[in-house]
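Here is the structure we will look at, set down as structure tokens.
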Amino acid sequence: WGSHARSKKSLISKNENLIIESAHPSPLSAHRGFIGSKPFSRTNEYLLKNNINPINWS
């Protein structure tokens, strides 16, 4: 999350990994895109589509 993480995007293979971008979840920037981006449910959707057990985030 955040610009530091985005700067590493080019180092990650898109063919083998799911890349979800959003603002950092910090209270100072969450309103800039993290809120409503659903990164956890999107991750679990990806895992299920690839026959991988979803993560229990609780």
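In deg cm²/dmol, rounded to 500, what helix-only [θ] at 222 nm does the chain give when every DSSP H run of at least 4 residues adds -39500 (n - 2.57) and the total is split over its residues?
Working: 2 runs with 16 residues, N = 58.
It lands at -7500 deg cm²/dmol.
Between S58 and H31, the simple label model (points 7 Å from Cα in the Cβ direction) yields a spacing of 3.0 nm.
Among S13, S29, S22, sorting on how many other beta-carbon atoms sit within 10 Å of each Cβ, with the fewest leading, yields S13, S29, S22.
For the chain, which GluC sites (Glu not before Pro) pass both filters: DSSP loop (anything but H, G, I, E, B) and at most 10 other C-beta atoms within 10 Å?
In loop regions of the chain (DSSP not H, G, I, E or B), the sparsely surrounded GluC sites (Glu not before Pro) are E16.
Projecting the Cα atoms of S41, L11, S58 onto the charge dipole of the chain, computed from C-beta unit charges around the Cα centre, puts L11 farthest toward the positive end. Applying the criteria of a DSSP loop state and at most 10 other Cβ atoms within 10 Å to the chymotrypsin sites (Phe, Trp or Tyr not before Pro) of region 28-58 yields W57. Of the options (i) 26.5, 91; (ii) 13.2, 39; (iii) 12.6, 36, only one is Rg and Dmax of the Cα atoms in Å as computed from these coordinates, and that is (iii).
Coordinate-derived values only; no laboratory data. Because the structure is a prediction, the values reported are computed rather than measured. Note that each Cβ is placed from the backbone with ideal geometry, even for glycine, and that neighbours are counted across all protein chains shown.
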